[in-house]
Amino acid sequence: MAAAVARARRAGASLLSAVVRHQSSQSSSPQPGLVAKTSLTSPPWPEVKLPDPVEEAKYHTEVVQKVNGLISAGHYGRLFAVVHFASKQWKITNEDLIMMDNVLEAECGDRIRMEKVLLVGADDFTLIGRPLLGKDLVRVEATVIEKTESWPKVNMRFWRRHNYQRKRIIANPQTVLRINTIEIYPCLS
């Protein structure tokens with residue numbers, strides 16, 4: 001009798017382990033009640049909910065209309081711009097002076113237009129180009145004030161006890177510009 005009970009227990013235990021093995025092999029994802037919530041079970045950033053495209057388009061048109069209204073009424077305050085000129089980016093406003101270390105083909109007194117405008121900002125809005133703002137939207141004009149050379153820099157090479165001395169004086173050309181106007185036009189789309 002005891003042998004029969006032992007056989008039944010072994011059969012029941014093997015049947016139970018087979019059921020557990022079968023369940024664990026069937027489901028690859030852990031059950032929600034079995035896995036403890038730790039820092040590794042979920043990402044550390046909050047879940048992102050994307051806005052509704054219809055509401056976003058309506059909000060976009062409202063903002064564009066508001067900015068166009070401010071521009072056409074002239075209620076935007078003092079403008080600033082970021083322009084790409086002479087291989088550098090310059091943040092400028094009206095009546096600023098820019099000194100650049102290169103030769104510009106324009107003569108003194110010539111007005112030039114800076115066409116690579118990256119960004120224009122005011123008190124209430126900022127227009128950012130991707131990568132540039134259009135020529136019909138922004139106009140930045142400058143005047144060449146002065147064309148001169150930099151203060152002389154001395155490049156001296158010297159080897160002691162070798163009777164070797166080389167002296168070179170370097171004076172780079174410089175151009176000074178005055179920003180005359182930064183104008184924007186209400187043609188945002």
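The values are calculated or read from the model by the stated rules, or taken from the named source; none is laboratory data. These numbers were taken from a predicted model, which means no experiment stands behind them. Every residue, glycine as well, gets a Cβ built from its backbone with ideal geometry; the counts of neighbours run over all protein chains shown. In case anyone asks, the SASA skips ligands and DNA or RNA and just uses the protein heavy atoms, side chains included. Shrake-Rupley method; radii C 1.70, N 1.55, O 1.52, S 1.80 Å.
Numbers below:
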| read-out | value |
| --- | --- |
| Meets criteria (touching a Ser or Thr at 6+ places or on another chain (Cβ under 7 Å), in a loop (DSSP other than H, G, I, E, B) and not aromatic (Phe, Trp, Tyr)) for Leu133 | no |
| Yes/no for Gln65 being open to solvent by 70 Å² or more (accessible area, probe 1.4 Å) and assigned to a helix (DSSP H, G or I) | yes |
| Counted residues, the stretch 136-183 - those being in contact (Cβ under 8 Å) with a residue 40 or more places away in the chain, outside any strand (DSSP E or B) and not hydroxyl-bearing (Ser, Thr, Tyr) | 3 |
| Residues located in the stretch 110-119, provided they are at pLDDT 95 or above and more than 11 Å from Ile179 (Cα to Cα) | Asp110, Lys116, Val117, Leu118, Leu119 |
| Check on Thr143, among the polar types (S, T, N, Q) and farther than 15 Å from Phe85 by Cβ | no |
| Count - residues of the stretch 77-130 that are assigned to a loop (DSSP other than H, G, I, E, B), touching a residue at least 60 places away in the same chain (Cβ under 8 Å) and not hydrophobic (A, V, I, L, M, F, W, C) | 5 |
| Residues that are open to solvent by 80 Å² or more (accessible area, probe 1.4 Å) and of a type in the set (Ser, Thr, Tyr), drawn from the stretch 127-160 | none |
